[in-house]
1. So if R0 is 41 Å, what FRET efficiency would Arg213 and Asp71 give, r being the distance between their Cβ atoms, rounded to the nearest 0.05?
2. So what's the net charge close to Asp46: Lys and Arg +1, Asp and Glu -1, counting the other residues with Cβ under 12 Å from its Cβ?
3. Taking springs between alpha-carbon atoms closer than 10 angstrom, which of Pro346, Pro196, Pro324 fluctuates most in the Gaussian network model of the chain?
4. Obtain the nm distance between the two label points defined at Arg402 and Arg204 by a simple spin-label model: each point lies 7 Å from its Cα along the Cα-to-C-beta direction.
5. Treat the count of other C-beta atoms within 10 Å as a stand-in for reagent exposure and order Arg49, Arg111 from fewest to most.
6. For the range 230-395, go through all pairs of different Cα atoms, get the mean of 1/r, take its inverse, and jot down that Kirkwood value in Å.
7. Take every Cα pair under 8 Å in the range 230-395 that's 6+ residues apart, average their separations, divide by the length, and report that relative contact order as a whole percent.
8. Only helical DSSP H runs with n ≥ 4 go in: add -39500 (n - 2.57) per run for the chain, normalise by residue count and round the 222 nm mean residue ellipticity to 500 deg cm²/dmol.
Amino acid sequence: MPENTPRVGYLLKKFPRLSETFILNEILELQRQGLDVHVLSLYMPDDGRFHSAVAELVHPITYVPELGPRDLFRRFAERRGDLRRLMNRIGTALDYLFDLGEADGLPVMKRALGVALEVERLELDHIHAHFATIASRTALAVKLLTGVSYSITAHAKDIYRSTVQPEAFARLVDESECLVTVCESNRDHILAELAPGRDQKVRRLYNGVDLERFRQREPRVPRSTGEAPSILAVGRLVQKKGFAILIRACAELRNQGVRFQCRIVGDGEQRAELLELIASLNAGAVVELAGALPQDRILPLYAQADVVALPCVQDQDGNRDALPTTLLEALACGLPVVSTPVVGVPEIVIDGQNGRLVPEGDVAALAAALKELLLSAELRERFGRAGRLRAEHCFDLRQNVRALRELFPSPARTPPKFVKVVEAGA
């Protein structure tokens, strides 16, 4: 890497995760654009399978250990001579953690010092954290300890859940270089409910998709005689994805005599419940739960699909989808989509232009929209072409990552360090 290349630490709660391809794709694109990126994960992954593209990371992932009392004693003993100069910074960081309370502050306390030492070891210029939860709180604590700046990408569960505390969220924004969020609807919510008056700090920047990898199929592969058209749905099996609504709509289509097959790709806490629903509706002949798959195995499924469906809903604690990756991928592949007007989905799907938006939780409306597309190849083609154009205009990974990189501060001449910033009187 050139000497003036920023050294950025991506601070994440758990990495890699099968369901968070957008983070991996963002990091890999930053690498391609010349940024020196180091991934720091607070917890070990537990998905059991990973996307093969993880192997393209230039640097190994750093898993930050939880520091217990003995570890903390040893770490501070190693810097005994510097403790007097460090006390102001340590005290400020502890005040922040105490303000968070035990539930949120204690997990950060166990790892913030370890992250600070990794920031020093790797000579990082800046930290970027995804989700305004433990990773971002740790980034703030590390800034208080080291002076190293940070930025945040906020998504959905970290801003819409009923447990989000506006005062704590606003402080994350205030201390950051900027907070990026993935759709205009999110930005409006943040400025209205969580961090009013921070218009200059809160930026909207869409997630992107690799338009070379996800390409429109031209011409569409002709279906063999008698082969039913295909609905594809991709996402974690959780309430906010609305898969129970999709299964009920598929049962309704089957009852109407519509020929189709629906494949739902993903895994999660609702798997048993959804399997029971499929059985109770006698829908096993038309709906398949295919389980979780890595991205290189999902890509061919887009090529085989005719329609992508994701009937998002708000779940019981306020969580909802902001900018579903599968809808971006579908647009890039030239596929029509059917979804609901939840959060940022209308920024992806323009009803009647590249897909259909139906009311949240409305089984009959979802079934009608799917039926319209399943029965009209011409409409699917028209929506698909418009979708690809929208993906190129709004959701190009290269362009959007380039815009993100410009938000990161320029590298410092001497990277701030846990001790050296204190010695300089910071």
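1. Rounded to the nearest 0.05, the efficiency is 0.45.
2. That works out to +3.
3. Greatest mean-square fluctuation among the candidates belongs to Pro196.
4. Between Arg402 and Arg204, the simple spin-label model gives 2.1 nm.
5. Ascending Cβ contact count within 10 Å gives the list Arg49, Arg111.
6. This gives a value of 15.5 Å.
7. So the answer I get is 25 percent.
8. Only helices count here, giving -13000 deg cm²/dmol.
Here, each number is a calculation from the coordinates, and none is a lab measurement. Note that the structure is predicted; figures quoted are calculated from it, not measured. When we count neighbours, we look across all protein chains shown, and the Cβ atoms used for this are built from the backbone with ideal geometry, even at glycine.
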